[in-house]
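In what follows, a structure is listed as structure tokens, so that the remarks can point back to it.
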Amino acid sequence: MRILGIETSCDETAAAVVALEGTLPEGRIHLLSNVVQGQLQIHADYGGVVPELASRAHIRHIHPVVSGALAQAGMEAGDLDGVAVTAGPGLVGGLLVGISLAKGLALAIRRPLIGVHHLEGHLVSPLLSRPEDVPPFPFVALLVSGGHTVLVHAREFGDYQLLGQTLDDAVGEAFDKGARMLGLGYPGGPAVAALAEGGNTEAVHFPRILLDRQRFDFSFSGLKTALRAQRQKDGEAGATPERLRDLAASYQEAIVDTLIFKALAACHHTGASRLVIAGGVGANRRLREKLSLQAREASLAPFFPALALCMDNGAMIAVAGAARLARGLSSDLSLDARPRWPLTELAPIRYHSGDDPG
Ligand code: KG4
Ligand code: ZN
């Protein structure tokens, strides 16, 4: 089964083709192509993603990206067995671009259309680089990106229990806003991480807002406020390169410690022995190192998808789509964008056990 996956929910226009051998989760998945066109330059001046600019860029990029993914896979559209597309959550303008193209393509080639939940894509992304001997489910997943901070217990394909999520800023936002206060550009995560290299992680004790040990929700807005207060206290005279480096290191450490604490507590709570980290912030080196160490100490197996698959991509959407289609689930042409779509409401999308769309 060969599935095209299209992702346009935020600021990446992405498409990929995967081939599924057998049935997921046990079957093997082969990544035949993976094309991602980012928009960093377009949004850099604004310090964050500007939805209208993102939609326009998706319109410009979607055709070359999809054609590129088919060409890289050595295929024509007619060779596909289905078209999967992110239906939400995300920015409505971007979602509509991907959905429109996916509908047109599915109709033209008379193959099923599959609307995919973006977070289910992230959740199944480890299946793309899973070693043969690792059973895929169950696991706890920490999904950390510019738009999401969620802890999920993935018990089985399609069976996800939301354990916790951020009550205010997403963790990527905490990095992006912190970066601005440290005089760094967008995206803030890599900039803060680079500045923090060699800094003193204990220079300032920023709050680890854990709320309640029995709950798995996150809150990052207090941390951002603490950094602002510290910058004001230090004053301009105190803003030496060494001090900024230490602030970045201490700030990053507070974020990393919070994520690790919650993720390990979630594994303990659910009894899961595997922990998957996905999303852009999963690229953070300090998080990868410290979490790996602490997870192993707790006899847990941490799993980070390949860096390229941590970020938004079409491959993860294709995998989720393939898994749904293999279970006879597809969408029809009434598929609509769902900008807000809680993971816990995964079922209500218009799935039916049909073949051709329309
Ligand atoms: O998953 P992603 O590419 O896009 C979505 O938001 O869906 O995540 C982007 C976020 C940005 O907030 C960026 O600052 C953060 O991931 N990020 C990082 C690192 N690389 C990207 N945060 C911390 N450390 C990094 N190395
Ligand atoms: Zn994402």
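Structural remarks
- Single residue of region 108-136 satisfying the filter (more than 21 Å from C267 (Cα to Cα) and among the basic types (K, R)) that is nearest to the chain's Cα centre (by Cα): R111
Let's see how each residue does on (1) charged (D, E, K, R); (2) more than 16 Å from ligand 2 (Cβ to nearest atom); (3) in contact with an Asp or Glu (Cβ under 7 Å, 6 or more places away or on another chain); (4) closer than 22 Å to F206 by Cα:
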{"residue": "A249", "(1), (2), (3), (4)": "no, yes, no, yes"}
{"residue": "H268", "(1), (2), (3), (4)": "no, yes, no, no"}
{"residue": "G271", "(1), (2), (3), (4)": "no, yes, no, no"}
{"residue": "R274", "(1), (2), (3), (4)": "yes, yes, no, no"}
{"residue": "N284", "(1), (2), (3), (4)": "no, no, no, yes"}
{"residue": "R288", "(1), (2), (3), (4)": "yes, yes, no, yes"}
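- Being of a type in the set (G, A, S), buried (at least 20 other Cβ atoms within 10 Å of the Cβ) and over 30 Å from G104 (Cα atoms) holds for only one residue in A203, A174, A194, and it is A174.
- Within the set G164, G146, G93, the sole residue that is more than 16 Å from ligand 2 (Cβ to nearest atom), among the small types (G, A, S) and closer than 30 Å to D212 by Cα turns out to be G164.
Matching residues to (1) in contact with a Ser or Thr (Cβ under 6 Å, 6 or more places away or on another chain); (2) within 17 Å of G188 (Cα to Cα); (3) in contact (Cβ under 8 Å) with a residue 24 or more places away in the chain; (4) basic (K, R):
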| residue | (1), (2), (3), (4) |
| --- | --- |
| F218 | yes, no, yes, no |
| G222 | no, no, no, no |
| K233 | no, no, no, yes |
| A254 | no, yes, yes, no |
| A263 | no, no, yes, no |
| S299 | no, no, yes, no |
| A306 | yes, no, yes, no |
| L309 | yes, no, yes, no |
| D312 | no, yes, yes, no |
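- Options L333, L287, L325: the member that is within 30 Å of A248 (Cβ to Cβ) and either touching a residue at least 60 places away in the same chain (Cβ under 8 Å) or not aromatic (F, W, Y) (or both): L287
- Output for region 69-96, where each listed residue is under 24 Å from A323 (Cβ atoms) and in a helix (DSSP H, G or I): A69, L70, Q72, A77, G78, D79, G94, L95
- If you go through region 177-187 and keep only what is away from ligand 2 (no atom under 16 Å from the Cβ), buried (at least 21 other Cβ atoms within 10 Å of the Cβ) and modelled with pLDDT under 90, you end up with nothing.
- As a summary of the residue check, A272 satisfies the conditions (1) assigned to a helix (DSSP H, G or I); (2) crowded, with 17+ Cβ neighbours inside 10 Å except for the one numbered (1).
- Residue in region 39-57 that is surrounded by 23 or more Cβ atoms within 10 Å (Cβ to Cβ) and among the β-branched types (V, I, T) present: no
- Residue check, V18 of a type in the set (V, I, T) and either more than 20 Å from the chain's Cα centre (by Cα) or closer than 24 Å to L333 by Cβ (or both): yes
- Residues of region 12-54 satisfying the condition of being touching a residue at least 40 places away in the same chain (Cβ under 8 Å), within 16 Å of ligand 2 (Cβ to nearest atom) and farther than 17 Å from L101 by Cβ: N34, L40, H43, G48, V49, P51
The values are calculated or read from the model by the stated rules, or taken from the named source; none is laboratory data. None of the values given here were measured: they were computed from a predicted structure. Using ideal geometry, Cβ is built from the backbone for each residue, glycine included, and neighbour counts are taken over all protein chains shown.
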